[in-house]
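J.: Right, I'll just put the structure down here and ask away after.
No value in this document is a laboratory result; all are computed from the given coordinates. Given the structure is predicted, the values throughout are model-derived calculations rather than measurements. Here Cβ is always computed from backbone atoms with ideal geometry, including for glycine, and neighbour counts include all displayed protein chains.
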Amino acid sequence: MSEHQKVNGNSKNEQLEQFRSKDEGHTLTTNQGLKVSEDEFSLKAGDRGPTLLEDFHFREKMTHFDHERIPERIVHARGFAAHGEFEVYKSLKEYTKAKFLQDPSVKTPVFVRFSTVAGSRGSAETVRDARGFSTKFYTEEGNYDLVGNNMPVFFIQDAIKFPDLVHALKPEPHNEMPQAASAHDTFWDFIANNQESAHMAMWLMSDRAIPRSFRMMEGFGVHTFRLINEQGKAHFVKFHWKPVLGVHSLVWDEAQKISGADPDFHRRDLWESIEAGNFPEYELGIQLLSEEDEFKFDFDVLDPTKLWPEEDVPVQIVGKMTLNRNVDNVFAETEQVAFHPGHVVPGIDFTNDPLLQGRLFSYTDTQLIRLGGPNFHELPINRPVCPFHNNQRDGYGRQTINQGSVSYHNNSLAKNTPAPATEAEGGYVHYQEKVEGRKVRSRSKSFEDHFSQAKLFWNSMSAPEQTHIIEAYSFELGKVKSKSVRQQVVDMLANVTLELAVPVAEAIGATPPKTGGSEVAQISPALSQANTKKHPNTRKIGVIIGDGFDEDLVMPVLDTLMRAGIQPEIISDKLGFIKGSKGTELEVIHTLSTTDSVLFDAIYAAGGNSEHKKFHKDTAQFLNQAYSHFKPIAVTTENAKLLETAEHRSSPGVIIGDGGEVFAASLVAAITAHRFWERMNE
Ligand code: HDD
């Protein structure tokens, strides 16, 4: 039985099995199935002669190689994905007829791709950016795609501005710099001159833009969608993914250093967690609003730059998604998957959000160029698990062999089939919303308030989060060369709050505004990561040990950490095994030069020695860097001297001791607390 067949009853997995190929152990052949006798030397006229055109094996191999690349996604090029399952906790029949949301015993296969937005396919992963969070549900009624981000709002209100936004965000065209970064002139010029982006810019400058892990981010459908029940009654809905591990972030200095130390930090984290059986879990939340309440708010529910404060419209947790299987092949699955907000099932419908309306065009269009034609739905990763039949035919790469002579509707020769289904038979019938209006190119007046929710977001942040936002604007605008653009952004921030605009202006040499600021005093605690869940499990601790370590300081601590689900990784000055004073051997996973302090959630310098002089110096560097990133650190009494100052030694989150039960428990508690922001004031 193959590894994959063990995932029982996953219809997508079973379907993919037909397409998998294991090449190991087989004879090398051409694509025509011909056995190849030689693969190292091209066919030549004599040992030292020219290669012959006749060499079909060389030509086939080379041609295929020459065509290996396809265009990367214009946005969200860098992504990583995994398979999983979704289950609903209780039937949502009252609100929607979508079949996959009816029965808690049904597990719907899913494929989820996480991504950064701005960077190229090979860019670093811990850059400041929104993260894509796309889910394809392979339901029995067809594929349903929820193509969201880890932020609940967007930069613009109308899709016609999307090319402008992306042109401004991407590397500047004259020199293709900077890669995967918003810290440059054109981006901020766009923001200042398209002030509907003020709210999203706040999110982008917040800790949300530098997640600790894909496993620790929220996901949002962003737009207001509709749920429709069997009786045809509609509700407005916003979709949320809530990570079971809580929402956690990196700090900026750490994020930048990780970009160098491990540009694959997020995919590695996801991959390794799944391989280790620590399956990422996200609960599905919905905010519901009855159609009668459409105009109840001081913002427009169709405006994608607005969120519905969770305190006003509670998020109901309705199901759970578990990612439990890594891909077999990144190109075949992650790269070729084609998401589309227009892939819906009966019971889920759109609204007139002008951003959503434009997206409904763009996604198919982009797949045509990216995946080379109209048959991308036949690629294994994109195939629905239910049957599909229609009169679409031919085109590049067509795989289906449609039988029979009829490929049109209406017909008599095939008894007028394939035939549309009635609504009762599961046919998709669009929600019959009444619309009337004149053809105009304009923005509704109800979309004009750009600053109230930006201020709500600011109000809701904890003090460290506000400091991070000030620092992020100061960093990003500090990289902007145009003084005018810097000033324009500061002036825009003055519309939100002077608490932000003034310190940023001071940091970037702009004139601090004297008046301004939104009046909004409301706070939404759900927006602050200070209020998220904190767990120790799956956190990584680097345990630095040398030869001759004292087992009593190490073994019980490792044991306690692992019982709490924390993952200790042994670091030393060389690979192999290190030996304790009583002869216990521990395998070294990393050397001090192959890993980095920034790649761990905590560091424990657990003793032992080395003949390498740098051992203690490097250990001190690991500890002090973790300290500067507000992380828990632990040292043996002997190693306490490696901490830079006496103040550090008495700081919260610094555990000094000799490995007993209290020591281990304090370390677990410190890892559960994650960061010690008190150190910001030192
Ligand atoms: Fe988009 C990809 C999310 C607005 C046009 N988008 C893409 C992906 C995500 C999002 C997660 C990557 C999908 C994948 O993993 O393959 N996009 C969003 C969100 C938006 C949004 C949350 C606002 C609420 N997008 C948006 C607009 C347009 C597009 C307004 C154009 C009108 N997006 C695209 C695209 C992409 C894409 C060009 C590039 C690759 C792809 O579609 O498959 O069509």
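J.: When DSSP beta bridges are limited to those with both residues in the chain, what percentage is antiparallel, rounded to the nearest 5?
T.: The answer is about 75 percent antiparallel.
J.: Excluding residues on the same chain fewer than 8 positions from residue 574, give the lysines whose Cα lies under 28 Å from its Cα.
T.: Output for residue 574: 257, 540, 582, 613, 614, 617, 631, 641.
J.: To the nearest 0.05, what FRET efficiency results for residue 312 and residue 74 with a Förster distance of 41 Å applied to their C-beta separation?
T.: The computed FRET efficiency comes out at 0.70.
J.: Please name which of 362, 301, 546 has its Cα lying farthest along the dipole of the chain towards the positive end, using unit charges on Cβ (Lys, Arg +1; Asp, Glu -1) and the Cα centre as origin.
T.: 362
J.: Another question about this same structure. Can you flag which of 242/533; 97/296; 99/434; 455/481 are past 18 Å Cα-Cα?
T.: Violating the 18 Å limit, Cα to Cα: 97/296; 99/434; 455/481.
J.: Still on this structure, please answer the following. What is the dipole size for the chain, taken about its Cα centre, with +1 at each Lys and Arg Cβ and -1 at each Asp and Glu Cβ, in debye to the nearest 20?
T.: Using only the charged Cβ atoms, the result is roughly 900 debye.
J.: Still on this structure: HN-Hα J couplings of the range 482-491 from phi, Karplus 6.51/-1.76/1.60, θ = phi - 60°, integer Hz, Gly and Pro as x?
T.: 6, 5, 5, 5, 4, 5, 4, 5, 4, 5
J.: What list of ³J(HN,Hα) values in whole Hz, one per residue of the range 452-459 in order, does the Karplus curve 6.51 cos²θ - 1.76 cosθ + 1.60 (θ = phi - 60°) give from phi, with Gly and Pro shown as x?
T.: Working through the residues one at a time gives 4, 6, 5, 6, 4, 4, 4, 4 Hz.
J.: Amide H of residue 318 versus every other amide H placed in the peptide plane: which residues, excluding those fewer than 5 positions away on the same chain, fall under 5 Å?
T.: HN-HN under 5 Å from residue 318: 284, 285, 286.
J.: Taking the mean number of other Cβ atoms within 10 Å as a proxy for protection, how do you rank 102-114, 24-36, 393-405, 528-540 from highest to lowest?
T.: My ranking of the peptides, most packed first, is 102-114, 528-540, 393-405, 24-36.
J.: Mind checking which of 432, 627, 409 is farthest towards the positive end of the chain's charge dipole, using Cβ charges of +1 (Lys, Arg) and -1 (Asp, Glu) about the Cα centre?
T.: Result: 409, furthest along the dipole toward the positive end.
J.: Dipole magnitude of the range 1-132 about its Cα centre, charges +1 at Lys/Arg Cβ and -1 at Asp/Glu Cβ only, in debye to the nearest 20?
T.: Here the size comes out at about 800 debye.
J.: Something else now. Count charges around residue 672 for me, please; just the other residues with Cβ under 12 Å from its Cβ, Lys/Arg as +1, Asp/Glu as -1.
T.: Counting the neighbours of residue 672, the net charge comes to +3.
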